[in-house]
């Protein structure tokens, strides 16, 4: 049997390290997904802004879903309802894009709940990505779950605390019709949680 484990990171470099550590521990990149907020256009630094501009206008951009050289080299851009432009790769992305066409709850929430996460937790994770975070999800054999959870837990967000902070500030649930955060809002959100990487 397999399980899906997911963690949120306040910065892409922290998530990137988690993916690298998962692969070094023997998890195939085909079992890992990454979804990173791109509101501040960090992925457009290679000079190719056409992909990012299309994502910002809401057009779904075909993402490279992994590749022979590893998951992180297969990153592509797309837009997710309520989240906005993201840089993503992996199996969860294909699910999110497929669900985004008709799911009332939004593509990322639908993909996470389809992977076994509760709706309440999926809302908090999706809101975390909306606010500038990076989500890493992994499909693992049940017997190795503890090993891979320990790797993902190293620098991930405590989602119970983060969800409580969102609710204290007035947030209730993920809204796929909400306006995505812009670069300034993402920067301010990262300052609140002390991570400016």
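Just so you know, all these numbers are worked out from the coordinates, no wet-lab data involved. Owing to the predicted nature of the structure, the values given are computational and were not obtained by experimental measurement. A quick note on method: Cβ atoms are made from the backbone with ideal geometry, for glycine too, and the neighbour counts reach across all protein chains shown.
Observations
- Peptide ranges 29-41, 174-186 listed from the most packed, as the mean C-beta count within 10 angstrom indicates: 29-41, 174-186
- Cα→Cβ-extended label distance, 7 Å offset, between residue 168 and residue 184, nm: 2.6 nm
- Scaled radius of gyration (Cα, divided by 2.2 N^0.38 Å) that the stretch 122-197 gives: 1.23
- Extending 7 Å from the Cα toward the beta-carbon at both residue 30 and residue 141 defines two label points whose distance is 1.5 nm.
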